[in-house]
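Engineer: The structure's right below; bear with me while I get my questions together.
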Amino acid sequence: MTARIIDGRAVAAELRSRLVEDIEILRERGITCGIATVQVGDDFGASMYRDAVARMCSGLNLAFRDESLAATSTTSEVLDVVMSLNEDPAVSGILVLRPLAPGVDEAQIVDRIAPLKDIDCLSPGNLGRLMLGRRAWPPATPAACLELLERQLQIEDRDPARGFAGDQVVVVGRSPSVGKPLAAMLLNRHATVTICHSYTDRAGTLAEITRRAKFLVAAVGVPGFIGREHVAPGAVVVDVGINQLFVCGACGAHNHEATGACMACGGRLEDPQTVTVGDVRFDEVAEMAGAVTPVPGGVGAVTNMMLARNAVRAAEAAAEGEA
């Protein structure tokens, strides 16, 4: 069996076209959509994410505002920025980029984001609403996973009202940003959900559990964690992982560190090239699964479109007088 490749870039392009139209319609009504990022310090990953959001906004003709604060900023100073953004009608979505600089209380910051503008579901209040099945903007990465999974239901010509009724879904990973909210979102769509994690693997029961899944989501943050042995024939596999590895110039092996000795041949790593891989061993899983997302080009391609969609919906809700 050779799996069908789930093309996240094609899905993102389709979503982008719809969003451009929605944003233009709102603009004609005098409604501004905009995303503001809040960054404290100069963490490389946070900066990369900020730049990606800025590019996305530019491509969608969506307003973008960057609030970058020094690493020495206090919690009070960051709160002042968040409160100002809460009151700004030109900002429909606020995204606090993590990690925040040491000394800044993240819990206080995310707690003060206006619920309607919390477009990545960072606050406990919105996460609680999500768990209860009440209206909350879903976190972008789990929303991207669900978008891709629900499109598989469409391919099977399933009744959308029934969602994943009768389906076994296994989520490998229990992070508060992906695994836990995704499980709640799937439960709200009638799936029978099992969450696995590193301790499941240590108990030796991981493969036994994952092979029951019609839909398998890998979100554990470990390169190549899921292999052929974890996948039922014909299953749909969604790979959330984005991991950077370093390629040995001598033997081609992938290493977790950029310096030191190659784990495979023992040779010294010097200016190694990088490669991005997921949590799934793609080539071997593709021989077993019915469909699988690649990395890159899968979930990550759709994630920012989910963020933008939340910002557009938040602008619509604000225009209708919701708080």
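Engineer: Angle, helix 75-87 long axis vs. longest principal axis of the chain, Cα atoms, 0 to 90°, nearest 10?
Structural biologist: 70
Engineer: Need one word for region 203-323: rounded, prolate or oblate. Basis is the Cα gyration tensor (sqrt eigenvalues a ≥ b ≥ c); a/c below 1.5 gives rounded, then a/b vs b/c decides.
Structural biologist: Verdict is oblate for region 203-323.
Engineer: Determine, from the Cβ-Cβ distance of ALA54 and ALA207 and an R0 of 56 Å, the FRET efficiency 1/(1 + (r/R0)^6), rounded to the nearest 0.05.
Structural biologist: E(calc), rounded to 0.05, equals 0.85.
Engineer: Want the number for SER84 to ASP157: 0.36 nm per residue separation, take away the alpha-carbon distance, what's left?
Structural biologist: Taking SER84 through ASP157 to full extension adds about 21.6 nm, to one decimal.
Engineer: What does the helix-only formula give at 222 nm for the chain: each DSSP H stretch with n ≥ 4 adding -39500 (n - 2.57), the total divided by the residues, and the result rounded to the nearest 500 deg cm²/dmol?
Structural biologist: Helix contribution divided over all residues of the chain: -12000 deg cm²/dmol.
Engineer: Between VAL275 and LEU132, how many nm apart are label points set 7 Å from Cα along the C-beta direction?
Structural biologist: 4.8
Engineer: Can you tell me how the chain classifies by the Cα gyration tensor, rounded, prolate or oblate, using a/c under 1.5 as the rounded cut?
Structural biologist: It is oblate, given that a/c is not under 1.5 and a/b is not larger than b/c.
Engineer: Once the other residues with Cβ under 11 Å from the Cβ of GLN168 are scored (Lys, Arg +1; Asp, Glu -1), what is the net sum?
Structural biologist: +2
Engineer: Go through region 127-161 and name the trypsin sites (Lys or Arg not before Pro) that are in a DSSP coil and have 15 or fewer other Cβ atoms within 10 Å of their Cβ.
Structural biologist: Answer by residue number: ARG134, ARG135.
Engineer: Could you please rank THR200, THR72, THR293, placing first whichever residue has the fewest other Cβ atoms within 10 Å of its Cβ?
Structural biologist: THR72, THR200, THR293
Engineer: Take every Cα pair under 8 Å in the chain that's 6+ residues apart, average their separations, divide by the length, and report that relative contact order as a whole percent.
Structural biologist: Worked out over the chain, it gives 22 percent.
Engineer: Which three extents, in angstrom, do the Cα atoms of region 82-210 have along their principal axes, listed largest first?
Structural biologist: 49, 38, 22
Engineer: Please compute the net charge surrounding PRO102, taking Lys and Arg as +1 and Asp and Glu as -1 over other residues with Cβ under 14 Å from its Cβ.
Structural biologist: -3
Engineer: From the Cα gyration tensor of region 1-42, with a ≥ b ≥ c the square roots of its eigenvalues, which class applies: rounded if a/c is under 1.5, or else prolate if a/b is larger than b/c, or else oblate?
Structural biologist: Taking the square roots of the gyration eigenvalues as a ≥ b ≥ c, region 1-42 is oblate.
Engineer: Let me ask another. Please check: in the Gaussian network model of the chain (C-alpha springs, under 10 Å), which one of LEU100, LEU148, LEU116 has the largest mean-square fluctuation.
Structural biologist: Highest fluctuation among the options: LEU100.
Engineer: Relative to the longest principal Cα axis of the chain, at what angle does helix 140-155 sit, 0 to 90 degrees, rounded to 10?
Structural biologist: For 140-155 against the chain, the angle is about 60 degrees.
Engineer: I would also like to ask the following. Just to be sure I follow the definition: excluding the sites themselves, where is the longest run in the chain that has none of the GluC sites (Glu not before Pro) in a DSSP loop with at most 14 other Cβ atoms within 10 Å?
Structural biologist: 1-155
Rule-based calculations on the coordinates, nothing more; no lab input. For clarity, every value in this text was computed on a predicted model and none was experimentally measured. Quick reminder, even Gly has a Cβ in these numbers, built from the backbone with ideal geometry, and neighbours come from all protein chains shown.
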